[in-house]
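The values are calculated or read from the model by the stated rules, or taken from the named source; none is laboratory data. None of the values given here were measured: they were computed from a predicted structure. So basically every Cβ, Gly included, is an ideal-geometry build from the backbone, and we count neighbours across all protein chains shown.
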Amino acid sequence: MMSDVAYSQDQLKMNATGSEQGADAIAEQRRARPVPRISIQVFCENEDFVDVLQETGNDRRMSKAHLSMQMGGVTAALEAYRDGPTPNLIILESSSQRDFLLEQLDQLAEVCDAGTRVIIVGHVNDVLLYRSLVERGVSEYLVWPVGPLQIITAISNLYSDPEAEPLGQVFSFVGAKGGVGSSILSHNIAWALSEITKTDVVISDFDLPFGTAGLDFNQDPAQGIAEALFQSDRLDDVMLDRLLSKCSDRLSLFASACSLDQEYDVEREPCDLVLDVLRKNIPYSVLDLPHAWTSWSKYVLMQSDEIVITAAPDLANLRNTKNILDFLKSNRSTDVSPRLVLNMVGMPKKPEISVADFAQIIEVQPMAVIGYDAEIFGTAANNGQMVGEVSKKSKIAQQISELAYLLAGVKPPQEEDDSFLGPLLSKIGVK
């Protein structure tokens with residue numbers, strides 16, 4: 001039977017996202033779409049803006065764009081484009097007052113190529129200036145100070161179809177160590193997401209030679225994600241439908257090859273194309289990533305919208321979790337902080353680090369603490385079912401359901417007192 005896990009509601013509601021980030025921060029992060037393959041030249045006036053641009057350029061959504069910058073503001077731009085072509089997008093910082101800035105922009109318009117768009121980052125909050133800029137064809141006017149997400153959103157809005165469907169969310173699950181239950185957790189949460197949201201969810205099993213998603217759903221598809229990765233130039237929504245295996249009306253499986261007949265050395269570009277097709281066609285994609293640190297697996301992790309780390313309460317998991325968190329925090333500063341799930345807590349006769357000590361050392365509060373229950377998980381795995389199908393009223397099934405609600409950004413229908421994440425969801429403003 002599952003051991004009782006003592007972890008107070010106060011500790012759980014401190015932070016389920018890993019830092020003090022609420023619904024507004026998550027919503028802002030989700031509004032910033034990936035920027036297409038365009039050239040962007042920025043002309044700055046102060047070093048603070050340069051720092052913001054460096055962080056912007058390192059963001060995963062800017063990976064396809066080519067961003068360059070130089071000092072000098074609008075004056076430098078005029079000099080640069082007198083005898084040279086203009087890029088797809090020019091971003092100009094200017095602290096000038098209205099009349100002088102408009103005079104400079106009129107001069108710039110004479111040397112700009114057709115199709116070049118302009119964003120102004122100004123230090124003057126002036127409605128009349130904004131109207132004059134719009135009349136001259138300036139695409140956007142941002143008032144300093146601005147942050148990386150604000151810049152990325154402004155750029156992506158220029159190159160996105162306003163009537164297009166919102167891009168789907170990509171959630172990556174990775175284990176701090178092999179055997180901690182990251183795969184089974186991702187499969188169960190994906191199943192719960194499809195049941196809760198009544199919308200399409202896809203599980204992508206990126207453990208190409210040894211993936212278990214097919215076993216967990218009692219599926220043995222002949223084709224799957226390997227075909228998509230190695231034939232990515234042909235991948236579209238039609239091919240996607242052909243490669244997906246149906247687990248239920250709303251849940252589909254992008255199964256792993258589970259074959260040792262070949263080596264799976266994957267390049268970054270095919271991974272990028274697969275993620276693009278998933279985002280355009282599927283509201284929620286759950287990626288089951290292997291416990292590996294290859295170029296492509298790290299790239300997929302970095303390109304995800306949100307990351308869930310699963311760890312067990314022992315020393316190796318503690319070290320690995322801290323290393324992963326440190327890496328992600330330094331390389332995904334504009335994204336939602338990684339979420340942590342402590343799994344297999346309270347295993348009989350196994351010494352373990354307490355939840356409180358684990359959280360204190362890595363400075364992240366887990367969004368869930370799941371007790372060890374070999375019977376429920378073992379029965380579900382052997383039957384090719386999910387925990388919610390085997391034992392719907394169990395505490396673990398309830399936790400999985402509430403984690404799915406949290407990732408989807410919707411509030412469970414239960415009363416707050418009946419939900420172990422109720423206080424947390426109220427705090428971060430989830431409706």
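Exactly one residue out of L208, L185 is buried (at least 19 other Cβ atoms within 10 Å of the Cβ) and under 22 Å from A374 (Cβ atoms): that is L185. Return a yes/no flag: does the range 325-332 have any residue that is touching a helix residue (DSSP H, G or I) at 6+ places or on another chain (Cβ under 7 Å), in a helix (DSSP H, G or I) and buried (at least 20 other Cβ atoms within 10 Å of the Cβ). So far as the range 325-332 goes, yes, one or more of its residues are touching a helix residue (DSSP H, G or I) at 6+ places or on another chain (Cβ under 7 Å), in a helix (DSSP H, G or I) and buried (at least 20 other Cβ atoms within 10 Å of the Cβ). Apart from one condition, I309 fits all of (1) in contact with a helix residue (DSSP H, G or I) (Cβ under 7 Å, 6 or more places away or on another chain); (2) over 24 Å from E402 (Cβ atoms); (3) surrounded by 18 or more Cβ atoms within 10 Å (Cβ to Cβ); the exception is (2).
Somewhere in the range 109-116, is a residue part of a loop (DSSP other than H, G, I, E, B), surrounded by 14 or more Cβ atoms within 10 Å (Cβ to Cβ), hydroxyl-bearing (S, T, Y) and in contact with a Ser or Thr (Cβ under 8 Å, 6 or more places away or on another chain)? Within the range 109-116, one or more residues are part of a loop (DSSP other than H, G, I, E, B), surrounded by 14 or more Cβ atoms within 10 Å (Cβ to Cβ), hydroxyl-bearing (S, T, Y) and in contact with a Ser or Thr (Cβ under 8 Å, 6 or more places away or on another chain).
I'm checking my understanding of the structure. Among residues of the range 157-170 that are under 16 Å from the mean Cα position of the chain (by Cα) and surrounded by 14 or more Cβ atoms within 10 Å (Cβ to Cβ), which one is modelled with the lowest pLDDT?
Ranking the qualifying residues of the range 157-170, first place goes to L167.
Regarding the range 273-281, can at least one residue be identified that is touching a residue at least 60 places away in the same chain (Cβ under 8 Å), in a loop (DSSP other than H, G, I, E, B) and of a type outside the set (V, I, T)? No. Residues that are in a helix (DSSP H, G or I) and crowded, with 18+ Cβ neighbours inside 10 Å within the range 127-149 comprise L129, Y130, L133, P148, L149, listed in sequence order. Taking the conditions exactly as written (more than 24 Å from V50 (Cβ to Cβ), free of Cβ contacts under 8 Å to residues at least 60 places away in the same chain and not in a helix (DSSP H, G or I)), does D161 satisfy them or not? The answer is yes for D161.
Answer with yes or no whether L129 is of a type in the set (A, V, I, L, M), touching a helix residue (DSSP H, G or I) at 6+ places or on another chain (Cβ under 6 Å), closer than 30 Å to Y284 by Cβ and outside the structural domain of T294 (by TED's automatic domain parsing). So L129 does not fit the description; no.
Against the criterion of being in contact with an Asp or Glu (Cβ under 6 Å, 6 or more places away or on another chain) and more than 15 Å from F49 (Cα to Cα), T75 does not qualify. If you go through the range 207-229 and keep only what is part of a helix (DSSP H, G or I) and either acidic (D, E) or outside the structural domain of M239 (by TED's automatic domain parsing) (or both), you end up with D216, E227. Per the conditions (1) without any contact (Cβ under 8 Å) to a residue 40 or more places away in the chain; (2) over 28 Å from H291 (Cα atoms), the sole criterion not satisfied by P221 is (2). Within the range 77-99, the set of residues being under 20 Å from E140 (Cα atoms), more than 32 Å from the chain's Cα centre (by Cα) and of a type in the set (A, V, I, L, M, F, W, C) comprises A77, L78.
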